[in-house]
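Encoded as structure tokens, the structure appears first; notes follow it.
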Amino acid sequence: MKKSLLVIVAIAVLAAVAAPWVSGQITARRLAADVERANAEGEINVAIVDYARGWRESTARVEFSLPDAAFDDVDMPENLPIDFLAAREALREPVTLNVAMRHGPVLLGGGGAGLNLAESTIHIDPDTPGYAELLEELGIEQLFELRTVTRFGGRTEFAAEMPPIDFVRDDIGIVFSGAEANGFYEFGARRFAADGTAASLVVDSPMASLTLEQLRFASDSTHYNDLLRLGHADGSVARLSVTDQSAGVPTTLTLVDFTASFDVELEDDGEHARLGSAYRFASLSDGAQLNLSDLDLTATARGIDIDALTTYIAASQQAALQPESAAPLTLEVEDALFALLAASPTIEVAPMSVNWNDEAVNATLRFGVDGANLPPRTAFTLMSLMLGDAVSIDATVEMSAIIARWLAARAMAFQLRRSAAADGMTFTEDEVEALANMQAATALAQLVAQGMLLSTGTGYSTQASYAGGSLTINGNTLPFGFP
């Protein structure tokens, strides 16, 4: 009995001693597999330049760099405000991270308390050229700290922190509250989720200043292919204020309580996707003429062929890297666009509402394509698409009388300036505005008489439909004169 007990104890001790070494081996293999997978995807180059594995702890130095194609295939315009060539060469330099790991399976203290494969603490290598000088100038010890815990199931959870910064160089000042982010990634499932916050950022210079308060973001997405991820992302800003002082008289644009969200999900057939986005803000104002409030805008695209969308994105990106191309659409882009439209997608913008100087504006828009009515691929052009029977567009707009008169006055002012220039006449701005405001009421009355606008008593509305090359407004068909 005693001998059996001794054997059990010996096995337990041996397992406890060996377990961290085994966990270290598994961690090393998993890190190598993650690096290989990241390099295979081609978006970034990753290399393990040094790996020292111990019994309970290991260290590694990992280099990250952008692939050459990210620089070589881009033709930048001239007269940029920065030295592009110098910036490109600087970005070519790899960034090295120092990784300190503790092996499981038993981890006590820190973020990995419990039974886990490993936990890590990651910083930028202090020997990175210029990094020590940057830290000294910013008055911080690290630019960021990333802590991870790797579970046996394959999930790696992380927490990242950036310290507060109070920095002044010459006439430029930066005050940053610091930021934090948390989340997880699963390389096997190719899933990544994160959320983070930053309380404030203030950037001040003689030419412009920026103030940002309460930045928040969250996302949870899964890799579908090299260009598309399924899932959602959203972000918000409590206040964003930008002041332009370059003209001598400061002008400030302020955005309050802005939120944006995006989601991509598969439809029931598994071959098409639904793309959604929504935008809202409490107010957007320049303190003078612009005063928008209570924006609510939602856009939804359905029936999007995923393979065609991926091909279209890839072809469009490739065409964008060829600025010398004379054709507005390359053959590859047209092929991908034709396949995308053949799936009969629909795009709907509804609701869309906003208050403009406390006056309401509401609108809806629906764009649809009937893939069965597309012209043959050999005859497909954007013109043949719009003049055929494949495209349908429906839109409605409702606005107050005050907004309608303001828009009419702006249209009249534009016509007056153009006519005056053509006839060699000169008007002062006050004269243009006075004439435009006088003509605005007449113009609105004529549009109502022609059926282009409908009077609602408190404002105006209109409903427009386009199909088969024909435009109908409030039931009135407008001939375009196309053959």
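Bear in mind these aren't lab numbers, they're just calculated from the coordinates by the rules spelled out. Just so it is clear, the structure is predicted and the values come from calculations on it, not from any experiment. Heads up, the Cβs are rebuilt from the backbone with ideal geometry, glycines too, and the neighbour counts pull from every protein chain shown.
Below is a table of values for the structure above.
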| quantity | calculated |
| --- | --- |
| R0 of 25 Å, Cβ-Cβ distance Ala350-Phe184: FRET efficiency to nearest 0.05 | 0.10 |
| Long-range Cα-Cα pairs in the range 323-433 (distance over 25 Å), rounded percent | 55 percent |
| Label-point gap, in nm, between Ala278 and Asp34 - each point 7 angstrom along Cα→Cβ | 3.4 nm |
| Normalised alpha carbon radius of gyration of the range 399-478 [divisor 2.2 N^0.38 Å] | 1.30 |
| Label-point separation, Asp127 to Val249 (7 Å along Cα→Cβ), nm | 5.8 nm |
| Under Karplus coefficients 6.51, -1.76 and 1.60, residue-wise ³J(HN,Hα) of the range 412-420 in Hz, glycine/proline x | 5, 4, 4, 5, 4, 5, 5, 5, 4 |
| Packing-based order for 250-262, 422-434, using average beta carbon neighbours within 10 Å, highest first | 250-262, 422-434 |
| Spacing of the two label points (7 Å from each Cα toward its C-beta) at Val448 and Ala199, in nm | 5.6 nm |
| Cβ-based exposure ranking for Glu186, Glu267, in which fewest neighbours within 10 Å come first | Glu267, Glu186 |
| Local net charge near Val391, Cβ-Cβ under 15 Å (Lys/Arg +1, Asp/Glu -1) | -3 |
